[in-house]
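These notes concern the structure reproduced below.
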Amino acid sequence: MSYSVRVLDHFRHPRHAGELAGATAVVETSNPACGDVIKIWLRIEAGSITDSTFKAAGCVPAIASGSWLVERIRGATLGEAASISAEDIATGLGGLPAASRHAAQLAADALRKALAAFERAPERELHRPEGV
């Protein structure tokens, strides 16, 4: 399978990989069909994502998608982040083969899940999500 230069760069040199202390939202999502897993950490303050990190286990495009996503959403408002689609991720990576588009969808799903978890969090737990 042939990947773009951007996919390979994000895979070989993932941006913002690892856990994030003080995260206000932490979620993990997986694709049971292929086994890929992406976990993201967000720090959200005053309606913007001030920091974001990820960990991924899976194929080259899964790692690249997680890396591209957390780099892209740093500094974004919640509305801007919520508008990012799997297609935006694939395009930002210079395209993905059809068989690999599931990776961009997994990253987009993780972001939606994290934003939803933040919105649902009771006020007293916004600075310390469960399990962190």
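Just so you know, all these numbers are worked out from the coordinates, no wet-lab data involved. This is a predicted model, so every value here is computed, not measured. Glycine also receives a Cβ, built like all others from the backbone with ideal geometry; neighbour counts cover every protein chain displayed.
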Would you mind listing the helices (runs of 4 or more DSSP H) fully within segment 17-115 where at least 2 residues are touching a helix residue (DSSP H, G or I) at 6+ places or on another chain (Cβ under 9 Å) and closer than 19 Å to Y3 by Cα?
60-73, 86-92
Taking into account only those residues within segment 64-99 that are polar (S, T, N, Q) and buried (at least 22 other Cβ atoms within 10 Å of the Cβ), which is farthest from P32 (Cα to Cα)?
S67
For segment 47-58, name all the residues that are surrounded by fewer than 21 Cβ atoms within 10 Å (Cβ to Cβ) and either of a type outside the set (A, V, I, L, M) or within 19 Å of A116 (Cβ to Cβ) (or both).
G47, S48, T50, D51, K55, G58
Name the residue, out of P14, P61, that is touching a residue at least 40 places away in the same chain (Cβ under 8 Å), surrounded by 23 or more Cβ atoms within 10 Å (Cβ to Cβ) and not hydrophobic (A, V, I, L, M, F, W, C).
P61
Look through S52, S4, S65, S83 and report the one residue that is under 20 Å from R120 (Cβ atoms), hydroxyl-bearing (S, T, Y) and touching a Leu at 6+ places or on another chain (Cβ under 9 Å).
S52
Looking only at segment 1-11, how many residues end up being out of contact with any helix residue (DSSP H, G or I) (no Cβ under 7 Å at 6 or more places or on another chain) and surrounded by 11 or more Cβ atoms within 10 Å (Cβ to Cβ)?
4
